[in-house]
Structure formats: C-alpha cells, structure tokens
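Here's the structure we're looking at; comments come further down.
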Amino acid sequence: MTRPTIIGLTGSIGMGKSTVAEMFERAGVPVFDADREVRRMQGPGGRLVAAIEAEFPGSTDETGVLRDKLGKLVFGDKAALARLEAIVHPAVAEERGAFLIEHAGQDMVVFDIPLLFEKGGSEAVDVVVVVSAPAEVQRERVLARPAMTPEKFAHILSLQVPDADKRARADHIIDTGTTLSQTEQAVRTLIDELRSQSRV
C-alpha cells in the first residue's frame, strides 16, 4: 500500500505557519502539529509530565507542565534545553508515526514542524513548504505577542535557521505577507499542484 505524500511545513517565528496549517486542514489535508502535540502531552495527565518534573523539579503541577516556569529554566541554557529535548522529541516522533498510520489512506498529510531544518527533519518528508513573510511584517507580528520583547525575539531568531536559508532550501514557498485570501488561494493551488504531480 502506498503511503501519503508527506509535506513538511515550516517557517520562522511570526511567519504565519500556524495559519497556513489551518488552511491545509480546511482544504481537507490532515495536519500533524508538533507544537500542539507537545502541549497535549504536557497538559493535565500528559505522558511527559512526570519525566519533565523528574528532570526539572517544580516545573509542573496538577495542570501539567508550567510552561513559563519551564521556559525560564531552559532559556539560554543549551545543556538544559538538550535535556528537555531528549524527553520531548522521541515522544513527538512516536505520536507522528501513529498519526501517519491513522491517515495511511490519504493522498497527502502535513507535518507542521517549526524546527524542520534545525533538527534535521527535512530528511523525513517528501516535500518542504516554507512559510515566509517580509522581515518587517514578521517583527511586527512577533512583538505584538504578550510578554514578547525585542531581546527575546532576537534570541529566538538566533536559534533558528535564517529565513533566506529556509527559502533557498524549500521546494515551495507560501508568502503570508499578502492578504489571508491570497495566502489561502496559494495553499489550495499548491495542493492541486502536488496532487497532479502524484498522478503523473
């Protein structure tokens, strides 16, 4: 049995990746959202809560992982971040595998992975789609977020592959510097294009 074409959807902070993922879902393409899965696994009764509490005492309570508290423990500490990723990443990979089995009958699925290039995930997908926007649009979006500062934004950018590099390595680019309707049309056009290629 053939498996679905796997679209790797990625983009730097503030580029509109989550919005584009929703557009794929509205078009009927199943989306595995890595961030959403992490939030679920770190929520009340989540499978990662005990392991994270053991590694980072005081970072959880009955509601699950206290993301702000955990963030302060790992922010700027590469060793701590690596310990957290060693807990989270294998669990995400397992959930992604289960998602692929669940949607084996689809012609395509989307893996929404923020750090696709940073963590070497591009090898596990068939098509890489990068969501991008002009730098000034990105900055305006990010700095409008609660508790975001220019310093925090700069630090996050320093951990991510630059947008220009992502665009150069992409198979397709979705520009979100346009209107929402134009972006959604670009997504639907891309889906049609990928379907026509798969039939060749």
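Throughout, read-outs are computed from the coordinates displayed, never taken from laboratory work. These numbers come from a predicted model, not from an experiment. Please note: Cβ atoms are built from the backbone with ideal geometry, for glycine as well, and neighbour counts cover all protein chains shown.
To keep it simple, each residue is scored yes or no on (1) of a type in the set (Phe, Trp, Tyr); (2) under 16 Å from the mean Cα position of the chain (by Cα).
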| site | (1), (2) |
| --- | --- |
| LYS72 | no, no |
| PHE75 | yes, no |
| GLU123 | no, yes |
| VAL129 | no, yes |
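Taking the numbered list (1) outside any loop (DSSP other than H, G, I, E, B); (2) within 22 Å of PRO30 (Cβ to Cβ); (3) touching a residue at least 40 places away in the same chain (Cβ under 8 Å) in turn, ALA93 passes all entries but (3). Close contacts from the stretch 63-86, counting a first residue that is in contact (Cβ under 8 Å) with a residue 40 or more places away in the chain and a second that is surrounded by 12 or more Cβ atoms within 10 Å (Cβ to Cβ) and polar (S, T, N, Q), with Cβ to Cβ under 8 Å and a gap of 6+ residues or different chains, come to none at all. From the residues in the stretch 1-11 that are surrounded by fewer than 23 Cβ atoms within 10 Å (Cβ to Cβ) and in contact (Cβ under 8 Å) with a residue 12 or more places away in the chain, which one is farthest from VAL137 (Cα to Cα)? Among residues in the stretch 1-11 that are surrounded by fewer than 23 Cβ atoms within 10 Å (Cβ to Cβ) and in contact (Cβ under 8 Å) with a residue 12 or more places away in the chain, the one farthest from VAL137 (Cα to Cα) is MET1.
Considering only residues of the stretch 77-90 that are of a type in the set (A, V, I, L, M, F, W, C) and farther than 14 Å from LYS119 by Cβ, which is nearest to the chain's Cα centre (by Cα)?
Going through the stretch 77-90, the residues of a type in the set (A, V, I, L, M, F, W, C) turn out to be 79-82, 84, 86-88.
If we keep only those that are farther than 14 Å from LYS119 by Cβ as well, we get 79-80, 87.
Details: ALA79: 22, ALA80: 21, ILE87: 17 Å.
Among those residues, the one meeting the criterion is ILE87.
Restricting the first member to the stretch 142-154 and to residues that are in contact (Cβ under 8 Å) with a residue 40 or more places away in the chain, and the second to residues that are of a type in the set (Val, Ile, Thr) and part of a loop (DSSP other than H, G, I, E, B), the beta-carbon pairs closer than 6 Å and six or more apart or on different chains are VAL142/ILE13.
If you go through the stretch 25-48 and pick out every residue that is in contact with a strand residue (DSSP E or B) (Cβ under 7 Å, 6 or more places away or on another chain), more than 23 Å from LYS119 (Cα to Cα) and not in a loop (DSSP other than H, G, I, E, B), you end up with 1.
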